[in-house]
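What follows is a set of notes on a single structure, which appears directly below.
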Amino acid sequence: WLMGFPKATKVSASTFHYLCTDLAQRLNKKFDVEDSACAFIKFSNGASLILECSWAINIKEKEYMLTQLCGTKGGAVQKNINEGYEFTAELYWENNGYYFTQKLDWSTNPTPSPYSEFVESILQQRPPLATATEAIEGLKIIEAIYQSAQTGQEITLN
């Protein structure tokens, strides 16, 4: 979405399931999902995406989401903390040898939920911000992540 939906061309990934599998075995419970996953995704426009996600990992923070964007003309860092109730975002760029940082104020322009955005697209008779075609491309990447993790091989997408 942030890059204009270039096609993913290659995916290399690993998934891990050690922490909760051990706990589930001790409690005699069924458990069949990974603790964490890491992926490196290459796109047709030359961009790369490093994806790290987990719901059970040995770190200090209870829950956070960090998105870092790095480009030739600047960068951005966005972080959700406290289970998504707090947001921070900063933009970084250089102009004529001077470096700038701009903090975004979330209180002035709240982000709509995916549900409310979808309802608004129907009411306004416009395409939703996230289309079915884009969702299918995302699912292809997710499937390639699992395939790469299972086989230990880089997956080439058509």
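Values computed for the structure shown
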read-out: Total residues in segment 123-135, condition open to solvent by less than 100 Å² (accessible area, probe 1.4 Å) and part of a helix (DSSP H, G or I); value: 4
read-out: Any hit, segment 7-21, residues being open to solvent by 100 Å² or more (accessible area, probe 1.4 Å) and in contact with a strand residue (DSSP E or B) (Cβ under 8 Å, 6 or more places away or on another chain); value: yes
read-out: Those residues of segment 136-158 which are open to solvent by 70 Å² or more (accessible area, probe 1.4 Å), in contact (Cβ under 8 Å) with a residue 24 or more places away in the chain and either more than 17 Å from Phe40 (Cα to Cα) or of a type in the set (Ser, Thr, Tyr) (or both), in sequence order; value: Tyr146, Thr156
read-out: Qualifying residue in segment 70-77 (condition: outside any strand (DSSP E or B) and open to solvent by 80 Å² or more (accessible area, probe 1.4 Å)); value: yes
read-out: Odd one out for Phe31 among (1) in contact with a Cys (Cβ under 8 Å, 6 or more places away or on another chain); (2) touching a residue at least 40 places away in the same chain (Cβ under 8 Å); value: (2)
read-out: Residue tally, condition farther than 18 Å from Thr67 by Cα, hydroxyl-bearing (Ser, Thr, Tyr) and modelled with pLDDT under 75, over segment 83-127; value: 2
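The values are calculated or read from the model by the stated rules, or taken from the named source; none is laboratory data. What you are looking at is a predicted structure, and each value in this text was computed from that prediction instead of being measured. We place every Cβ from the backbone using ideal geometry, glycine too, and count neighbours over all the protein chains shown. For accessibility, only protein heavy atoms count, side chains too; no ligands or nucleic acids. Shrake-Rupley method; radii C 1.70, N 1.55, O 1.52, S 1.80 Å.
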